[in-house]
2 protein chains.
Amino acid sequence: MSFSVPVKDMLFAMEHLANLDQVTQIPGFEDANLETAQAVLEECAKLCEGVIEPLNIVGDKHPSSLNDGVVTTTAGFKEAFAQFAEGGWQGLQHPVDFGGQGLPKTIGAACLEMLNSANLSFALCPLLTDGAIEALLMAGSDELKAIYLEKLISGQWTGTMNLTEPQAGSDLSLVRTKAEPLPDGSYKIFGTKIFITYGEHDMAENIVHLVLARVAGAPEGVKGISLFVVPKFLVNSDGSLGARNDAHCVSIEHKMGIKASPTAVLQFGDHGGAIGYLVGEENRGLEYMFIMMNAARYGVGVQGIAVAERAYQRAVQYARDRVQSRPVDGSVPGAASIIHHPDVRRMLMTMRAFTEGCRAMATTAAAAYDAAHHHPDAAVRQANATFYEFMVPLVKGFSTEMSLEVTSLGVQVHGGMGFIEETGAAQYYRDAKILTIYEGTTAIQANDLVGRKTARDGGQSARAIAEQIAKTEADLHASGTAAALSMARHLQTAREAFLQTVDFVAGKAKASPNAVYAGSVPYLMLTGNLVAGWQMGRALLVAQDKLAAGEEAAFMQAKIITAQFYAEHILTRVPGLAHTVCTGGESACALPLEAF
Amino acid sequence: MSFSVPVKDMLFAMEHLANLDQVTQIPGFEDANLETAQAVLEECAKLCEGVIEPLNIVGDKHPSSLNDGVVTTTAGFKEAFAQFAEGGWQGLQHPVDFGGQGLPKTIGAACLEMLNSANLSFALCPLLTDGAIEALLMAGSDELKAIYLEKLISGQWTGTMNLTEPQAGSDLSLVRTKAEPLPDGSYKIFGTKIFITYGEHDMAENIVHLVLARVAGAPEGVKGISLFVVPKFLVNSDGSLGARNDAHCVSIEHKMGIKASPTAVLQFGDHGGAIGYLVGEENRGLEYMFIMMNAARYGVGVQGIAVAERAYQRAVQYARDRVQSRPVDGSVPGAASIIHHPDVRRMLMTMRAFTEGCRAMATTAAAAYDAAHHHPDAAVRQANATFYEFMVPLVKGFSTEMSLEVTSLGVQVHGGMGFIEETGAAQYYRDAKILTIYEGTTAIQANDLVGRKTARDGGQSARAIAEQIAKTEADLHASGTAAALSMARHLQTAREAFLQTVDFVAGKAKASPNAVYAGSVPYLMLTGNLVAGWQMGRALLVAQDKLAAGEEAAFMQAKIITAQFYAEHILTRVPGLAHTVCTGGESACALPLEAF
């Protein structure tokens, strides 16, 4: 069951939906054109298909193990990570100044996706390292940058994010890890952190922990949290590794999925105190963490797309091979491969449409990120930042929730064989379930979408997106083909339902918080559904033009059909969700606590 | 995390929705009144809560193992099964003539549910044994009945269903196992059967395999399949066990869930031929198997409800205990238990409403089964048979699909802890995924609903149900409370959408089979959703009356709220699905095979 990176679809999204040519007009990204993108993607695909994907099932069968504080990763992971680092992949989107390749996120996101399709567990290590790099880039002192950045960007060292404590999961105000200032400006860190992805492993020389802690005397709550760098090994002034720091892995979790990725409990300071270095200013840790987390949230959304793509490909291959039953239309005289059966088609198309829709959404969001961070014009930066901020909870929340449905369908296509672990489909189902939880659960994303992204500006950003969607509808109407008209109708119905919920959410969030927040996840699901569908509508228009021009006929025809399927099978969920958002808040919260 | 059987809700469904008092008017069921039901349920609950549930996590951690052809079940299973058998629970619904208790399915279904809530893996053994008993009762010769029934009904022996072969899963026409007639009227059986639940184990003295095979010279396809009894140990004329039969377990599967239940590959006849005895007539095996399978399908539907209930209870307990974040309405000054957060409420209510709705649907279906099989009036039997037949794919298909959503929400409520195996929530998520597959996948149920249950009678049975729903709507309107009116409105919208799909499905199944069957699963999902919602509407009316009469105020109030929630959060999905059924058939099947 070989894996083949969907390079063509990724490039399509970059070129036609994310407008890569506009990204290349941003200073610093001049060379990041379609040719570069294609070359990068094809090179990355080789590594992902040939080296990293074959380790996926192995990692599930033989997870990382802990022995006396030392975590040994699955055989092959260390060597694969060395290849990954050597190829410069860790530095893809990071600044040239520190040894990175300085490519836009628009291209980097595709590489991130294929790495995660190949192996979610493996890909988590670079994902978390990216977070550490961004935190240091954003808020680290020049000294910290000089010591840590190049080695993180080269993949010589890796990074972690240490937020969660046993009593502090989604609620970081409850963080209790302590930081005591030392005379030399460093701190001693004491506390326990849990759920630390790649918190300990053998794939790199050093691990750079980014740790939330409270400086003695800091205010209660989230305003008293600071961010520290706590390396596994202290670093000498010449850059060589010094003493082992007092940060130790005391256990790793026994998880349902992503088993190869070690999830550590880290104990800081049990032997006198772990040495930590303040990042930025005291008590601004949560702020830094949030910027870093936003990047990680986007990354987790891409993980959802990635595992959906992998599940889709495996299901297609099985459906082609497995012969069972005569087609209901009599098109084949005897038993046929099950891909001939309408419900198998429906399942595969659902998997495909969700994946392509979310990929399109994530790619356009990535382009907005690039413009928001690097465009010379402040107004353009601002507009793109607003759009990107709105997209982050959708990319994270919707793409991961859809990955649960897609990986479930992936098992279902396999029938009984899907439930047998050796088949491989079950692993995606188990792996995917963490995606709706870590880096902020779907509810946390939905709260963000309701509170900061919709209610705060009175629904303005949301309505601006609806206006853009209306323009796409007009273009679809103008095109007049059956597929375009179906898409236009479904988009319109969904957009109108969305606008009703925006009015409800923006209008009532303060007066009736329970009723609004009880509908927050349905609101996120309908908004993500609509925005991904909108991108499929845009894709449909492009594909029609290309088809008419005789370019890539098979690909373009498939895009049109997939877009129409999205409209008729997925966008159709939006009005019901909108109705639930606007009417179901009271019944959701009415049951007395003791009656549950 | 203790488990508490929802006896009160089960009795409510029996008394008020399934009209147990009408069941007790059927000859033979005179004593099966509410008092009996309550006593039986409470007794069964003790066993399930105290003995069988505690083995659930153990079984997941230490699955059945195979050694040299011998399967050893999880420590404790054998003793628990002995207690189960001793209590007479295997014979609950089986005829008094053979040592059973002769209770109606209306009561038996509740016991089946609690057994499965306690431990899906354990409960599969009795479930399959029930199937073997029903096959023998229906089509076995007096001799076979005399030899096997009492021992199966007493739980001294257990039964299996042997349908699947490597090349024959959903498509039984491909069965290749051979049966060669012997001079004494018995047969020698040769072949390989896979996915045989409890095909080998150590919990009973003997295992009675019901095996589909082809007699030499039988017609091709499904019309040449016969059904055989193939005991693990041959039975002497005095009923004692004789020689080991040539039916051997050669491997057991490594599964994602229900790990304690051994799923065997059985090899028949590798050492000269397994002795088998024909059940009924030659070449009618599939017919017998289908009747038996209908019972098993209902049972699997109940498994969905059962695991949903268990996941719900565990999530509620966690949500009460876990303290995290301040409620959005400011009702608690600091961090509160997460059950105070609106989205957690929404998740728990979704789990609860799905479970109660499907339980109500399954219980009313069970009462129809009892009347269909035992009512003295042929017309009543026929009407109930038609209703029950329509319900089976809904109970199986919808209740198991909803169990995927509910067990996923169960993990989600737990946040990161849900992904850690020791928490227990993940097991339900893994276990549940088989339910939409075995005993006929959701697509197979949907084909049945479309073909045999809807198109064949031109939609008549479906419309008859819609008429009954309309009556409930009228009652709800007459009641006039806010909850009743909300339910009435949502039922009406959903029913009208359902009727559109019935017209489409009944009208086009022959002319456009691909378009109709591509919508078969959405059709099943919307129909199951509507029927379960209808039962919640009926429940709401009863609860209002009881509340007015001052009976069980807390329970009745909760039922009303849960019903209203069902209407506003779950019934709202129906119109979108109906739209997909009626418009999405073409786009589902349009993609050329090579484009996937």
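Only the coordinates and a few stated rules stand behind these numbers; no lab work does. Because the structure is a prediction, the values reported are computed rather than measured. All Cβ positions, even for glycine, are placed from backbone atoms using ideal geometry, and neighbour counts span all protein chains on display.
For segment A:126-228, the calculated P(r) over all alpha carbon pairs, in 10 Å bins from 0 to the bin holding the longest distance, is 15, 43, 35, 6 percent.
Here segment B:567-596 is scanned for amide nitrogen atoms under 13 Å from the site 7 Å beyond the Cα of B:S512 along Cα-to-Cβ, giving B:579-590. For segment A:443-590, the relative contact order comes to 33 percent (Cα pairs under 8 Å, sequence separation of at least 6).
Toward the positive end of the charge dipole of segment A:461-583, with +1 on the Cβ of Lys and Arg and -1 on the Cβ of Asp and Glu, the farthest Cα among A:A474, A:V505, A:G537 is that of A:V505. Think of segment B:59-206 as having a plus end and a minus end, set by charges on the Cβ of Lys, Arg, Asp and Glu; of B:G191, B:F81, B:Q156, B:G191 sits farthest toward the positive end of this dipole. Relative to the Cα centre, the charge distribution of chain B, modelled as +1 at Lys and Arg Cβ and -1 at Asp and Glu Cβ, gives a dipole magnitude of about 1460 debye.
Calculated FRET efficiency, B:H373 to A:S331, Cβ-Cβ distance, R0 = 35 Å: about 0.30 to the nearest 0.05. Computing FRET efficiency as 1/(1 + (r/R0)^6) for A:L234 and A:R452, where r is the C-beta to C-beta distance and R0 is 41 Å, gives about 0.60.
Here the contact order of segment A:7-151, divided by its residue count and restricted to Cα pairs under 8 Å and six or more residues apart, works out to 23 percent. For segment A:392-418 versus segment B:280-353, the spacing of their alpha-carbon centroids is 19 Å. Each Lys and Arg adds +1 at its Cβ and each Asp and Glu adds -1 at its Cβ; summed about the Cα centre, segment B:46-94 shows a dipole of about 20 debye.
Entry note, chain B: relative contact order of 13 percent, from Cα contacts under 8 Å with a spacing of 6+ residues. Placing a label point 7 Å from the Cα of A:K223 along the Cα-to-Cβ direction, the residues of segment B:332-357 whose backbone N falls under 19 Å from that point are B:333-335. Its Cα gyration tensor gives segment B:410-527 an equivalent ellipsoid; the semi-axes, largest first and in whole Å, are 32, 25, 10. Applying a DSSP loop filter and a limit of 10 other Cβ atoms within 10 Å to the chymotrypsin sites (Phe, Trp or Tyr not before Pro) in segment B:154-206 leaves nothing.
Expressed per residue, the C-alpha convex hull volume of the protein assembly as shown stands at 163 Å³.
Run the dipole for segment A:357-475 about the Cα centre, Lys and Arg Cβ at +1, Asp and Glu Cβ at -1, nothing else charged, and hand back the magnitude in debye, nearest 20.
260 debye
Give me the Debye-computed log₁₀ of I(q)/I(0) at q = 0.06, 0.08, 0.12 Å⁻¹ for chain A, equal point scatterers on Cα only, no solvent, two decimals. After summing over all Cα pairs, the log10 values are -0.31, -0.55, -1.26. Multiplying the residue separation of A:Q22 and A:E467 by 0.36 nm and subtracting their alpha-carbon distance yields 158.1 nm. Summing charges over neighbours of A:S65, with a neighbour being any other residue whose Cβ is under 14 Å away from its Cβ, gives -1 when K and R count +1 and D and E count -1. Cross-link list B:K78/B:K105; A:K46/A:K78; A:K193/A:K255; B:K8/B:K46: which exceed 21 angstrom alpha carbon to alpha carbon? Table pairs above 21 Å Cα-Cα are B:K78/B:K105.
Each of A:S117, B:S251, B:S325 was scored by other Cβ atoms within 10 Å of its Cβ. Arranged with the fewest first, they read B:S251, B:S325, A:S117. How many angstrom separate the Cα center of segment A:508-571 from the Cα center of segment B:22-63? Spelled out, the Cα-based centre of one part sits 48 Å from the other. When A:D457 is represented by a point 7 angstrom out along its Cα-to-C-beta vector, the spacings to that point in the other copies are 5.7 nm, nearest first. Ordering B:D321, A:D142 by the number of other Cβ atoms within 10 Å of each residue's own Cβ, fewest first, gives A:D142, B:D321. At q = 0.22 Å⁻¹ the log10 of I(q)/I(0) for segment A:273-351 amounts to -0.97, computed by Debye summation with a single uniform scatterer per C-alpha, solvent ignored.
The mean count of C-beta atoms from other chains within 10 Å of the C-beta of residues in A:256-264, rounded to a whole number, is 2.
Where chain B is rotated onto chain A, the residue of B whose Cβ comes nearest the axis, and that gap in whole Å, is B:G576, 2. With its label point put 7 Å out from Cα toward Cβ, B:A553 sits 7.5 nm from the same residue's point in the other copies, in order from shortest.
Ordering B:Y429, A:Y523 from the fewest to the most neighbouring beta carbons within 10 Å gives A:Y523, B:Y429. FRET efficiency for the B:A75 to A:N67 pair, using the beta carbon distance and R₀ = 25 Å, is estimated at 0.35. Per-residue ellipticity at 222 nm from helix content only, as computed over chain A with -39500 (n - 2.57) for each DSSP H run of at least four residues, stands at -18000 deg cm²/dmol. Summary for B:P181: label point 7 Å along Cα→Cβ; distances to the equivalent points in the other copies, ascending, 9.8 nm.
Spacing of the modelled spin labels on A:D545 and A:R381, each 7 Å from Cα toward Cβ, amounts to 3.0 nm.
Eigen-decomposition of the gyration tensor built on the alpha-carbon atoms of segment B:158-283 gives equivalent ellipsoid semi-axes of 22, 20, 11 angstrom, largest listed first.
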